Amino acid sequence: MPSQPLASVTRQLSRRSVFEALLHRSPISRADLAKVTGLSKQTTSEVIDAFQQQGLVRPVGRTSGNVGRTAVLYELSPAGGHVLGIDLGARLTVTLADIAGRVLAEADEPTDSRGGAWALEQIARLADRLARDNHTHPSRIRSIVLATPGVVNPRSGAIEMAPNISGLGHLNVVGFLSEKLGSPVAIENDINLALLGEIWHGCAQKVANVAFLALGTGVGLGLYVNGQLVRGENGAAGEIGYLPIGGDPLQAEARLQGCLEYQVGAHGIVRRYREAGGSDVDSARRVFELAQAGDTVAASVIEETARLTGLAAATIVATVDPQLIVLGGSVGARTDFADKVARVLLRLAPRPVEIRTSTLGKRAGVVGALSVALNKLHDELFGVADLAAALPLPPPRAHASR
């Protein structure tokens, strides 16, 4: 790819600098923008004028209380462009945000149990409703990221290894949604995006080496090593449920979903409790409640689950040397369970590694999807060839006023 002419790169760097200052410091005047960016007042004014013509910024008042003339204050305009973050799981969450990361609206409902095309149509319907309710033309939604279990096949666009949502392995999900929503759709593993959500606005901010271990219905791992998300050759890095821990990895049931997941996933916890002589419970949460109430069988099952999870955590530590392990999911995010895992890991790991529970909980995936969608939009508008660093994002903001 040929390099951009120097003058073009300089202009784009100026635009990028002003945009970044607006992203983090607005409302701000032209004079203060010049000071913050180091650009001349003339260049700063030219960039602001161009941004106003593009609908990227708007005036929001004037300075007051200072000696001398007042100055116009600017902020990024909510109409400057929008992004969608989507989290597809047992529940479907669709979030609309503006170019500055202000959340405009959100819809959340159970995912269509028929899966496949029905679930994808549901996504399109909710996205259209959010846009319509916020007077946003679909063409203004310029970046869309979907968090989903499983792995996207780059050749077919299908989502594979997602057994809890049927029918996605036989559809071109990428093409279907891109056509329905009118913009290119990027699909990322939900655990990876939950990890990025915690890094953006959760318990892993400013940490360059993090592992996100999710335990719930399934088991998954997201890895962030030296400031980069690890995906692997086929996008399947982190399929930790297939670790041969906790039983016979060649057993038919274990081969189907993975040996570790068969043991420590929510269904595995319920199954092991029943097999150990426990009552006929219907959820892992109930097993935890019984353990807290003094049920010794339930307590033993939880302890064994924590031991197996600790073994998996020790494997992570030995492999990627993280500074921090975040536990998430309906099982992993329980502080009582995380404490048990931490005690196991302390006995196994060659050095202490901090374990924290997810602070974003069920919202981690959609927050991560928004962060990636924003970065993609910002790079589209202000990226510079051969400049790898993404624009740093501000924290997510509350619903913007209409």
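Specify which of the listed residues (VAL60, VAL47, VAL18) is among the β-branched types (Val, Ile, Thr) and in contact with a strand residue (DSSP E or B) (Cβ under 8 Å, 6 or more places away or on another chain).
Details: VAL47 fails: in contact with a strand residue (DSSP E or B) (Cβ under 8 Å, 6 or more places away or on another chain); VAL18 fails: in contact with a strand residue (DSSP E or B) (Cβ under 8 Å, 6 or more places away or on another chain).
Result of the check over VAL60, VAL47, VAL18: VAL60.
ARG363: under 14 Å from THR95 (Cβ atoms) and in contact (Cβ under 8 Å) with a residue 40 or more places away in the chain, yes or no? Spell out the reasoning first.
Working: under 14 Å from THR95 (Cβ atoms): yes; in contact (Cβ under 8 Å) with a residue 40 or more places away in the chain: yes.
In short, yes.
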Discussion item. So if I check each of LEU146, LEU215, which one is closer than 22 Å to THR319 by Cα and not acidic (Asp, Glu)?
Written reply: LEU215
Discussion item. Please go through (1) assigned to a loop (DSSP other than H, G, I, E, B); (2) farther than 17 Å from VAL264 by Cα for GLY278 and return the number of the only condition it doesn't satisfy.
Written reply: (2)
Worksheet item: With respect to the numbered conditions (1) surrounded by fewer than 19 Cβ atoms within 10 Å (Cβ to Cβ); (2) assigned to a loop (DSSP other than H, G, I, E, B); (3) in contact (Cβ under 8 Å) with a residue 24 or more places away in the chain, which one is the sole condition not fulfilled by GLY246?
Response: (1)
Item to complete: Inspect segment 220-242 for any residue being assigned to a loop (DSSP other than H, G, I, E, B), farther than 22 Å from ALA162 by Cβ and either outside the structural domain of ARG102 (by TED's automatic domain parsing) or in contact (Cβ under 8 Å) with a residue 24 or more places away in the chain (or both) and give the result as yes or no.
Response: yes
Discussion item. Let me confirm something: among ALA293, ALA338, ALA306, ALA276, which residue is over 25 Å from the mean Cα position of the chain (by Cα) and closer than 21 Å to GLY218 by Cβ?
Written reply: ALA306
Fill in: All positions within segment 68-126 that are over 24 Å from LEU393 (Cα atoms), out of contact with any helix residue (DSSP H, G or I) (no Cβ under 8 Å at 6 or more places or on another chain) and among the small types (Gly, Ala, Ser)
GLY68, ALA90, SER113
Worksheet entry | Sole exception among (1) surrounded by 16 or more Cβ atoms within 10 Å (Cβ to Cβ); (2) free of Cβ contacts under 8 Å to residues at least 12 places away in the same chain; (3) of a type in the set (D, E, K, R) for GLU275, by number | (1)
Item to complete: Residue by residue through segment 274-291, note down the ones that are closer than 15 Å to GLY246 by Cβ and not hydrophobic (A, V, I, L, M, F, W, C).
Response: GLU275
Worksheet item: Could you list, in sequence order, the residues of segment 332-368 that are within 30 Å of LEU146 (Cα to Cα) and part of a helix (DSSP H, G or I)?
Response: GLY332, THR335, PHE337, ALA338, GLY361, LYS362, ARG363, ALA364, GLY365, VAL366, VAL367, GLY368
Item to complete: Please specify each residue of segment 224-239 satisfying the condition of being modelled with pLDDT of 90 or more and surrounded by fewer than 24 Cβ atoms within 10 Å (Cβ to Cβ).
Response: VAL225, ASN226, GLY227, GLN228, LEU229, VAL230
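The values are calculated or read from the model by the stated rules, or taken from the named source; none is laboratory data. Given the structure is predicted, the values throughout are model-derived calculations rather than measurements. Counting neighbours? That spans all protein chains shown, and the Cβs are built from the backbone with ideal geometry, glycine included.
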